[in-house]
Amino acid sequence: MKVLASEVIQTLKDASFKSEEFKIGKTTLKKADGTGFKPALDFLKQAIQESPIAEAVINVNKSVVIKIQSNIINLPLLYPGPVEKLTEAEKEYDVNIYAVIEAEKINSSHLRIDQIGTAEDLISANSDLQANFKDWMAEQFDRLDHPDKDQKDNEE
């Protein structure tokens, strides 16, 4: 799936993308079969077929929010300015799927974003995207549960 950067930028500036919130706890998200986050992925899959930019917001608890977003660049949807600066308005870009975590203890910026697949992966229910998201979440929860580990790893 491709989209013009100018369309994405306008969508972000207008905040006219679909967004839905889900309350899903850590234990449910960590289910081995991946069914815990299925409602969020299902919503995003449906939403991007209507409009390429969308997000599913997973409220894990008061201090941790995970977002699954579609975008053309690895920046949260709240930043249309940098997207505009880093893309060419009349160029088509692939729509990718990004996992975003917002948590005070995740790192010094309190935010991490990583690509977990493409829009095509999501639409075709590619199991790699689900596995990537599951692995990504496990890594982020490990960082939150063991913040000193990252510090030690960085010192070595």
Study note, to complete from the structure: Residue pairs qualifying under the 6 Å Cβ cut-off, at least six apart or on distinct chains, with the first in region 54-72 being touching a residue at least 12 places away in the same chain (Cβ under 8 Å) and the second being assigned to a loop (DSSP other than H, G, I, E, B) and of a type in the set (A, V, I, L, M), are Glu55/Leu77; Ile58/Ile24; Gln69/Leu77; Ser70/Ile53; Ser70/Val95
Review point. Residues Lys45, Lys105: which one is touching a Pro at 6+ places or on another chain (Cβ under 7 Å) and open to solvent by 30 Å² or more (accessible area, probe 1.4 Å)?
Key: Lys105
Point to revise | Members of region 108-131 found to be part of a helix (DSSP H, G or I), surrounded by 19 or more Cβ atoms within 10 Å (Cβ to Cβ) and out of contact with any Lys or Arg (no Cβ under 7 Å at 6 or more places or on another chain), listed by number | key: Ala119, Leu129, Gln130
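The values are calculated or read from the model by the stated rules, or taken from the named source; none is laboratory data. Only a predicted model underlies this, so the values are computations on that prediction, with no experimental measurement involved. For neighbour counting, all protein chains shown are included, and Cβ atoms are generated from backbone atoms with ideal geometry for every residue, glycine included. Areas reflect the complete protein model, heavy atoms only, side chains present, ligands, DNA and RNA absent. Shrake-Rupley method; radii C 1.70, N 1.55, O 1.52, S 1.80 Å.
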